[in-house]
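Read the structure below first, then the notes.
Read the figures in this text as sums done on the coordinates, not as results from a lab. Computed from a predicted structure; not experimentally measured. Using ideal geometry, Cβ is built from the backbone for each residue, glycine included, and neighbour counts are taken over all protein chains shown.
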Amino acid sequence: MSLVYIALQDNDNARYLVDGITQDNPHAVVQHQPAMIRIEAEGRLEIRRDTMEEKFGRPWDIQEMHLDVITIGGNVDEDDDRFVLEWKN
């Protein structure tokens, strides 16, 4: 398997995103770097709308996340309820 990753700007929104991503992906590794937070995992990362709504305490649209994304590594599968990164061979 290969690593997938997402890098986010290190801001208030990203802290909620990191909390939600690590809750739903306990195998994920979080790396804090200057002005950036990188989250990587073997094989797959899933970001779920319902988890993010719980973290933010309000309705949350997955499109909001794109404002904080610096880069991603992996194939994207996205709908209204989830954003998935994985390598499809």
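Some points to look at:
- Proximal charge balance of Lys88 [Cβ under 13 Å; K/R count +1, D/E count -1]: -1
- Between the listed residues Tyr16, Thr51, Thr71, the Cα displaced farthest toward the positive end of the dipole of the chain, a dipole computed from Cβ unit charges relative to the Cα centre, is found at Thr71.
- Cα→Cβ-extended label distance, 7 Å offset, between Arg58 and Asn11, nm: 1.4
- Binned Cα-Cα distance frequencies in the chain - 10 Å width, integer %: 18, 57, 24, 1
- The chain - charge dipole about Cα centre, Lys and Arg +1 at Cβ, Asp and Glu -1, debye rounded to 20: 280
- The chain: most fluctuating residue of Arg15, Arg49, Arg58 per GNM, C-alpha cutoff 10 Å: Arg58
- Residues Trp60, Trp87, arranged from fewest to most other Cβ atoms within 10 angstrom of their Cβ, appear as Trp87, Trp60.
- Amide H within-cut-off set for Leu3, under 5 Å, with H built and near neighbours excluded: Gly43
- Added length on full extension, which subtracts the Cα-Cα distance from 0.36 nm per residue, Arg82 to Glu46: 12.3 nm
- Cα gyration tensor, segment 1-40 - rounded (a/c under 1.5), prolate or oblate: oblate
- The chain, relative contact order in percent, only Cα pairs under 8 angstrom and at least six apart counted: 37
- Kirkwood-type hydrodynamic radius, segment 31-74: 12.1 Å, calculated from all non-identical alpha-carbon pairs.
- Residues considered: Glu64, Glu53, Glu40. Largest GNM mean-square fluctuation over the chain, using C-alpha springs under 10 Å, is found at Glu64.
- Cα-projected label distance for Asn75 with Gln31, points at 7 Å along beta-carbon direction, nm: 2.4
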